[in-house]
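The values are calculated or read from the model by the stated rules, or taken from the named source; none is laboratory data. Note that this is a predicted model, so its numbers are computed, not measured. As a convention, Cβ positions derive from the backbone with ideal geometry for all residues, glycine included, and neighbour counts pool all protein chains shown. Only protein heavy atoms, including side chains, enter the accessible area calculation; ligands, DNA and RNA are left aside. Shrake-Rupley method; radii C 1.70, N 1.55, O 1.52, S 1.80 Å.
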Amino acid sequence: MNLVFYVLAGLTVLGGLAAVLLKNTVHCALALTVAFAGLALLFLELDAQFAGFAQILVYIGAVAILVVFAILLTRGSETPEDGVFSHTWLAGLAVAAAVFAVLGWAVIQSAPALTHESAAPVVTVNQIGNALLGRYVLPLEIVALLLTAALVGAVIVAMHEKEETK
Amino acid sequence: MVSTLDQIFVLLKHWLVGLLPSVLQPAAGVLLSVVAIVCVFPALFALTVLLERKGLGRMQNRLGPNRVGPFGILQPIADAIKSLTKEDIVPLRADALIHFLAPLVLVVAVFLEFAVVPMGRNMVLVDMDASLLFFFSIGASTELSVFMAGWSSRNKYSLMGAMRAVAQMISYEVPLLMSSVAVVMITGSLSLVKIVEAQNQYTYGLPHWNIFTPWGCAGFVMFAIAATAETNRSPFDLPEGESELVAGYFTEYSGFKFALFFLGEYLGMFSISGLGTALFLGGWSAPFSFLWWVPSWIWFFGKVMLSICVLIWVRGTLPRLRQDQLMNFAWKFVLPMTLLNLVDVALWRFLGEGWLRWVVCSAVMLVAYVAAALTGLRRDHIGPRSYRYAE
Amino acid sequence: MLGEGILKGLAETARNAVGSFVSKDRLTTVEYPEERLPLPEASRNFPFLVYDGTDWEKGLRCVACQICEKECPPKCIYIDKSKDKKPDAFGRPQIYPAKFDIDISVCMSCQICVEVCPFEAIKMDTQYELSTDDRFGGLLLDRKELAKSNEYYHQIHPTEASEVDAKLAAEKVKADAKAKAAAGAAAAKAAAAAAAPKPAEAAAKPVVLADAPAAKPQGEGD
């Protein structure tokens with residue numbers, strides 16, 4: 001718990017809040033990117049190189065780009081007239097609060113257990129790779145299959161539309 | 001003497017840092033290396049711009065710039081003064097903050113990439129475990145600055161340029177990563193320093209560079225294609241095709257910000273050339289064992305400049321692709337070939353030493369290449385484009 | 001084979017790049033301020049005023065008839081007629097342009113002023129390095145700046161200038177013959193009317209005309 005952590009945490013929280021509260025959709029997407037970057041830096045601050053860089057590569061390099069791309073391709077980035085909040089914001093708030101409560105509870109429950117542990121072991125990318133392709137190879141392959149299925153599904157959806165327009 | 005010359009920059013840094021009190025030494029060491037990178041590569045950028053303009057001129061039987069100084073060698077300085085003293089114009093309807101941040105994000109991200117590129121023996125700013133991953137994650141975030149620039153300008157050319165750039169960068173990042181993974185599979189490490197050291201061995205005086213293997217040669221070609229696209233260089237310069245989009249995503253930039261985009265683009269070329277050098281061309285290692293006495297950093301910068309020259313040569317030769325050709329080429333040719341290359345690497349890895357793996361691996365890639373030539377990229381596949389308009 | 005065209009293209013550019021150092025024929029660039037191509041004879045840019053002899057003010061062929069001013073499509077010629085008459089290069093008293101300005105920022109180099117001039121007084125120049133730091137005054141050329149000698153005209157458009165000279169000479173011969181005839185007729189008339197004192201004053205005009213051949217060698221030096 002040092003100064004760097006607080007700065008990064010503040011950055012992440014501010015980015016997240018801005019992503020929710022800003023009016024312009026593209027600004028929201030860029031604020032979300034700031035939140036992702038803050039998260040990645042938090043990982044790096046914990047010496048988790050692989051998680052941190054993967055966070056940047058996947059979330060900033062792919063997810064954020066896809067989000068802005070989707071915004072560009074669908075509609076203008078101007079604020080809708082009936083405000084940025086939907087009518088069910090109260091229900092959304094309740095769900096968010098519930099999720100936050102569960103997560104907070106989990107963190108508080110596990111925190112005392114961690115304090116008794118010695119310093120975190122140094123995990124190299126090499127070890128992560130070995131673990132992924134050794135012990136966890138089945139989950140990895142299942143996830144890969146799932147993503148491939150999603151990819152094929154997306155292609156089919158796109159092709160279907162093309163046939164209709166012809 | 002030879003090793004002193006080889007390590008001259010490292011020794012210089014140690015000597016300079018040693019002058020400071022020990023509390024400041026770690027910070028000063030990092031700062032000194034950063035300053036060196038921030039000075040050397042923009043200087044190289046100036047040299048490259050001149051080289052490119054002269055070289056392209058010669059390829060077109062022109063003289064190239066020759067007005068400023070003898071043979072025009074002071075041209076970069078004149079360009080720099082010009083762009084620094086020009087008025088900075090921000091369009092009225094532009095999103096001022098994002099418009100301002102975009103070039104900064106680009107240049108900072110590109111400078112960060114140099115942190116992990118080994119530029120000589122013991123000459124790397126951060127020798128980390130996952131340096132290749134770092135390079136690609138930072139490289140991926142340059143796309144965002146391109147989008148920011150294009151979107152914030154409120155100009156349709158900028159926006160179209162940005163969309164093209166982002167689509168192109170996403171498409172070619174996959175083959176870029178895949179062709180690099182081949183090297184990682186052989187070396188068993190994501191650290192660029194280890195990858196270079198693994199190539200710094202010799203048999204009969206010839207180096208063990210990855211490019212001198214069947215999979216490495218194919219992988220290098222794929223890497224070079226993807227890298228050219230990733231840096232928006234001709235023939236993949238659609239995002240800034242001046243005959244179509246003025247200047248693409250940085251149309252609405254002027255003065256210093258324009259210079260920053262220009263700088264970012266060339267620094268991107270240097271960093272990706274450095275990466276390609278480290279992955280396939282043996283990094284700082286000498287091409288023949290009897291040349292071991294030449295300082296390692298000379299080899300590194302020589303190889304990088306050679307790659308830049310090839311990029312210039314290609315730019316002077318090839319016309320620009322069309323957007324659909326670009327995408328077809330990425331997804332239907334380069335990506336399948338890089339995937340096949342991964343299989344090839346696995347074969348190479350598990351067939352063991354001997355002539356068999358040379359024959360098998362070469363045959364796999366050659367057959368795939370011939371098959372692609374005969375089927376996938378026939379003229380009628382590339383042929384005229386059919387248009388579908390949006391409703 | 002796939003990629004063959006790319007290799008061919010690369011070879012071609014390489015040949016060009018190396019060839020531009022080896023063979024002079026490839027590098028067709030003319031490094032302009034240091035070297036320039038000779039202008040084709042028919043090239044033209046902006047009009048100038050031709051004068052005969054050595055004194056530009058005296059030798060201007062222009063008689064301020066203002067035809068060019070009226071014909072000029074963009075109206076870039078401004079002429080003020082003189083109140084008095086001055087002897088021209090041949091000694092004949094003529095009206096001369098007290099002001100003759102051409103605004104070359106307006107001029108469109110159409111050459112109509114040249115076509116309509118009955119006195120061969122305005123011709124097209126080939127001078128193109130006319131940049132100036134004063135875009136109003138600097139591009140409004142006055143009489144003095146416009147006046148160029150007939151020798152200069154011969155230099156820039158030799159064929160055309162010789163034709164013009166021949167034509168002028170033929171006209172002169174005709175005019176001289178006419179003048180001589182007129183003088184002869186006048187002399188005859190004068191002789192016939194010698195008794196009468198009145199026509200003596202009227203004879204003054206033919207006398208001036210008859211003086212013209214005396215001044216002729218000056219104008220025909222070239």
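In a residue-by-residue description of segment B:130-141, the property of being within 9 Å of chain A (Cβ to nearest Cβ) and free of Cβ contacts under 8 Å to residues at least 24 places away in the same chain applies to at least one position. B:K82 falls short on exactly one of the conditions (1) buried (at least 18 other Cβ atoms within 10 Å of the Cβ); (2) more than 14 Å from every other protein chain (Cβ to nearest Cβ), and that condition is (1).
If you check A:A119, A:A54 for being outside any loop (DSSP other than H, G, I, E, B), out of contact with any strand residue (DSSP E or B) (no Cβ under 9 Å at 6 or more places or on another chain) and either of a type in the set (A, V, I, L, M) or modelled with pLDDT under 85 (or both), only one passes: A:A54.
Kindly establish whether B:R154 is within 14 Å of chain A (Cβ to nearest Cβ), crowded, with 22+ Cβ neighbours inside 10 Å and in contact (Cβ under 8 Å) with a residue 60 or more places away in the chain. When the stated conditions are applied, B:R154 does not pass them. Of all residues in segment B:308-343, those satisfying the criterion of being assigned to a helix (DSSP H, G or I), touching a residue at least 60 places away in the same chain (Cβ under 8 Å) and not hydrophobic (A, V, I, L, M, F, W, C) are B:R315, B:G316, B:T317, B:Q323, B:D324, B:T338, B:N341.
Can you find a residue in segment B:225-247 that is in contact (Cβ under 8 Å) with a residue 60 or more places away in the chain, more than 30 Å from B:I98 (Cα to Cα) and in a helix (DSSP H, G or I)? Yes, that holds for at least one residue. Residues that are open to solvent by less than 30 Å² (accessible area, probe 1.4 Å), in contact with a Phe, Trp or Tyr (Cβ under 9 Å, 6 or more places away or on another chain) and under 19 Å from B:Y172 (Cβ atoms) occur at least once in segment B:280-298.
Remark: pairs (first residue in segment A:47-65, more than 9 Å from chain B (Cβ to nearest Cβ); second residue at pLDDT below 85; Cβ separation under 8 Å; 6+ apart in sequence or on different chains) = A:D47/A:A120; A:D47/A:V122; A:A48/A:V123.
Does B:S33 meet the test of being out of contact with any Lys or Arg (no Cβ under 8 Å at 6 or more places or on another chain), in a helix (DSSP H, G or I) and touching a residue at least 12 places away in the same chain (Cβ under 8 Å)? No, not satisfied. Might you check whether a residue that is open to solvent by less than 50 Å² (accessible area, probe 1.4 Å), touching a residue at least 60 places away in the same chain (Cβ under 8 Å) and farther than 26 Å from B:A229 by Cα occurs anywhere in segment B:93-102? Taking every residue of segment B:93-102 in turn, at least one turns out to be open to solvent by less than 50 Å² (accessible area, probe 1.4 Å), touching a residue at least 60 places away in the same chain (Cβ under 8 Å) and farther than 26 Å from B:A229 by Cα. Restricting A:L114, A:L145 to residues that are open to solvent by 60 Å² or more (accessible area, probe 1.4 Å), part of a helix (DSSP H, G or I) and modelled with pLDDT under 85 narrows the list to A:L114. Output the residues belonging to segment C:102-113 that are outside any strand (DSSP E or B) and either touching a residue at least 60 places away in the same chain (Cβ under 8 Å) or of a type outside the set (V, I, T) (or both). Matches in segment C:102-113: C:S105, C:C107, C:M108, C:S109, C:C110, C:Q111, C:C113.
The residue that is least open to solvent (accessible area, probe 1.4 Å), counting only those in segment B:36-55 that are in contact (Cβ under 8 Å) with a residue 24 or more places away in the chain and among the β-branched types (V, I, T), is B:T48. For segment B:347-367, the candidate set comprises residues that are within 14 Å of chain C (Cβ to nearest Cβ) and within 14 Å of B:C217 (Cα to Cα); within that set, the residue that is nearest to the chain's Cα centre (by Cα) is B:M365. Looking at this structure, is B:E113 modelled with pLDDT of 85 or more and outside any helix (DSSP H, G or I)? Criteria not met by B:E113.
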